[in-house]
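J.: Right, I'll just put the structure down here and ask away after.
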Amino acid sequence: MNSSPENSLVVQNLKVSFEEKDGMLQVLENVSFSIQKNAFACLIGPSGSGKSTLLRTLAGLIPYESGSIEFPEVHGRKARTGLVFQKANLMSWRTLAENIALPLELANFSREEIDKTVKEMVELTGLQGFENSWPHELSGGMAQRVAIARSLVQDPDILFLDEPFGSLDELTRERMSEELLRIWNEKRKTILMVTHSISEAVFLADRVLVLSGFPQGIVLDLPINLPRPRDEKIRYSPEFAQAAATLHDHLKF
């Protein structure tokens with residue numbers, strides 16, 4: 001699997017182990033895949049299969065034992081990454097706009113640049129009118145929009161999402177999936193998203209990677225050949241059902 005200008009991420013033979021009392025616990029082994037530029041990929045697998053471990057390793061939060069992770073350069077510079085967790089993790093003492101602005105403040109952007117970029121992110125995520133709201137005043141869906149806006153504010157080339165809608169009710173989750181697709185359509189970032197939901201993965205993704213076995217590896221790389229743009233009606237199509245059934249079959253193992 002070779003690096004290509006068309007790829008935003010190339011992973012080869014990745015191995016991740018954790019040290020325990022009785023020795024090393026091997027969690028991921030021989031994980032290899034690539035994601036094309038501007039693609040939307042989802043990663044699914046049984047509980048405890050190492051999905052979040054893989055995502056956090058790719059984001060640089062967990063060291064890996066062997067293999068390689070490569071982000072091809074973008075316009076001659078190192079690729080930038082962003083990460084959104086299941087919990088929004090907003091700072092309670094900062095307003096919605098101040099939470100979004102934090103990465104820019106830490107990067108010493110000018111006040112003018114910060115205000116301009118925060119305004120753009122607020123509009124992109126549909127949060128107009130709530131700029132001065134406090135985190136405790138926001139719904140779960142709104143809080144996750146803030147978390148997404150905060151990750152996008154530094155214009156990352158690839159965005160990692162770790163079950164961002166996992167704690168939301170089903171209807172809010174579906175609405176947030178539609179919102180995420182709208183944002184992706186506007187910004188066209190490369191996205192790798194962890195989810196437990198087969199339906200969510202099929203609805204969102206160009207490709208779905210299935211992580212299973214032990215130690216965990218990629219057991220299926222399924223292209224999702226559904227037309228875009230997508231709306232809720234596509235969930236009831238035969239093609240959607242077939243893709244969901246294929247994923248379900250591979251998650252049994």
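J.: Tell me which residues, restricted to the range 163-181, are of a type in the set (D, E, K, R), within 15 Å of Phe203 (Cα to Cα) and out of contact with any Phe, Trp or Tyr (no Cβ under 6 Å at 6 or more places or on another chain).
T.: Residues of the range 163-181 that are of a type in the set (D, E, K, R), as a first pass: 163, 169-170, 173-175, 178-179.
Cutting the leftovers down to within 15 Å of Phe203 (Cα to Cα) gives us 163, 170, 173-175, 178-179.
Glu163, Glu170, Glu174, Arg175, Glu178, Glu179, listed by residue number.
J.: Return yes when Val202 is within 20 Å of Ser47 (Cβ to Cβ), of a type in the set (Val, Ile, Thr), assigned to a helix (DSSP H, G or I) and outside the structural domain of Thr81 (by TED's automatic domain parsing) and no when it is not.
T.: Values: within 20 Å of Ser47 (Cβ to Cβ): yes; of a type in the set (Val, Ile, Thr): yes; assigned to a helix (DSSP H, G or I): yes; outside the structural domain of Thr81 (by TED's automatic domain parsing): yes.
Judged against the criteria, Val202 is a match.
J.: While we're here: Return the only residue of Thr172, Thr195 being β-branched (Val, Ile, Thr), free of Cβ contacts under 8 Å to residues at least 40 places away in the same chain and in contact with a helix residue (DSSP H, G or I) (Cβ under 8 Å, 6 or more places away or on another chain). I'd like the intermediate steps shown before the answer.
T.: On the way: Thr195 fails: free of Cβ contacts under 8 Å to residues at least 40 places away in the same chain.
Thr172 is the lone residue from the list that is β-branched (Val, Ile, Thr), free of Cβ contacts under 8 Å to residues at least 40 places away in the same chain and in contact with a helix residue (DSSP H, G or I) (Cβ under 8 Å, 6 or more places away or on another chain).
For every residue, the table says whether it meets (1) outside the structural domain of Gly48 (by TED's automatic domain parsing); (2) in contact (Cβ under 8 Å) with a residue 40 or more places away in the chain; (3) closer than 18 Å to Phe33 by Cβ.
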| site | (1), (2), (3) |
| --- | --- |
| Val208 | no, yes, yes |
| Gln216 | no, yes, yes |
| Leu220 | no, no, yes |
| Asp231 | no, yes, no |
| Ile234 | no, no, no |
| Leu247 | no, yes, yes |
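J.: Still on this model: Among the residues of the range 214-248, which ones are at pLDDT 90 or above and within 30 Å of Lys15 (Cβ to Cβ)?
T.: Leu220, Asp221, Leu222, Pro223, Ile224, Ala243, Thr246, Leu247, His248
J.: Sticking with this one: Please find, among Ser139, Ser212, the residue that is farther than 15 Å from Gly82 by Cα and assigned by TED's automatic domain parsing to the domain that holds Lys15.
T.: On the way: Ser139 fails: assigned by TED's automatic domain parsing to the domain that holds Lys15.
Being farther than 15 Å from Gly82 by Cα and assigned by TED's automatic domain parsing to the domain that holds Lys15 holds for just one of Ser139, Ser212, which is Ser212.
J.: Here's another thing I want to ask about it. Kindly indicate whether Trp134 is among the aromatic types (Phe, Trp, Tyr), under 21 Å from Pro229 (Cα atoms) and touching a residue at least 12 places away in the same chain (Cβ under 8 Å).
T.: Working: among the aromatic types (Phe, Trp, Tyr): yes; under 21 Å from Pro229 (Cα atoms): no; touching a residue at least 12 places away in the same chain (Cβ under 8 Å): yes.
No, not satisfied.
J.: Further question on the same structure: When the residues of the range 181-197 are filtered to those that are touching an Asp or Glu at 6+ places or on another chain (Cβ under 8 Å) and farther than 20 Å from Ser167 by Cα, which remaining residue is surrounded by the fewest Cβ atoms within 10 Å (Cβ to Cβ)?
T.: Residue satisfying both the conditions and the ranking: Lys189.
J.: For residues that are surrounded by fewer than 11 Cβ atoms within 10 Å (Cβ to Cβ) and of a type in the set (Asp, Glu), scanning just the range 1-31, find the one that is modelled with the highest pLDDT. Explain how you work it out, then say what you get.
T.: Within the range 1-31, the first condition is being surrounded by fewer than 11 Cβ atoms within 10 Å (Cβ to Cβ), and the residues that meet it are 2, 5, 19-24.
After this cut, where a residue has to be of a type in the set (Asp, Glu) as well, the list is 19-20, 22.
Details: Glu19: 76, Glu20: 72, Asp22: 73.
Checked the range 1-31; the qualifying residue modelled with the highest pLDDT is Glu19.
Here's the yes/no breakdown for (1) more than 26 Å from Leu14 (Cβ to Cβ); (2) of a type in the set (Asp, Glu):
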{"residue": "Asn38", "(1), (2)": "no, no"}
{"residue": "Ser47", "(1), (2)": "no, no"}
{"residue": "Ala59", "(1), (2)": "no, no"}
{"residue": "Glu65", "(1), (2)": "no, yes"}
{"residue": "Pro72", "(1), (2)": "no, no"}
{"residue": "Gly82", "(1), (2)": "no, no"}
{"residue": "Asn108", "(1), (2)": "yes, no"}
{"residue": "Arg111", "(1), (2)": "yes, no"}
{"residue": "Ile114", "(1), (2)": "yes, no"}
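J.: Could you check Leu14 against (1) closer than 19 Å to Asp206 by Cβ; (2) touching a Gly at 6+ places or on another chain (Cβ under 7 Å) and say which number it fails?
T.: Of everything listed in (1) closer than 19 Å to Asp206 by Cβ; (2) touching a Gly at 6+ places or on another chain (Cβ under 7 Å), Leu14 misses just condition (1).
J.: Restricting to the range 123-166, and then to whatever is among the polar types (S, T, N, Q) and under 15 Å from the mean Cα position of the chain (by Cα), can you tell me which residue is nearest to Ala59 (Cα to Cα)?
T.: Taking the range 123-166 and keeping what is among the polar types (S, T, N, Q), we get 125, 128, 132-133, 139, 144, 151, 154.
Restricting the remaining residues to those that are under 15 Å from the mean Cα position of the chain (by Cα) gives 144, 151.
Working: Gln144: 19, Ser151: 12 Å.
Per the criteria, the residue is Ser151.
The values are calculated or read from the model by the stated rules, or taken from the named source; none is laboratory data. Being a predicted model, the structure only gives us computed values, none of them experimental. No Cβ is skipped: glycine too gets one built from the backbone with ideal geometry, and neighbour counts run over all protein chains shown.
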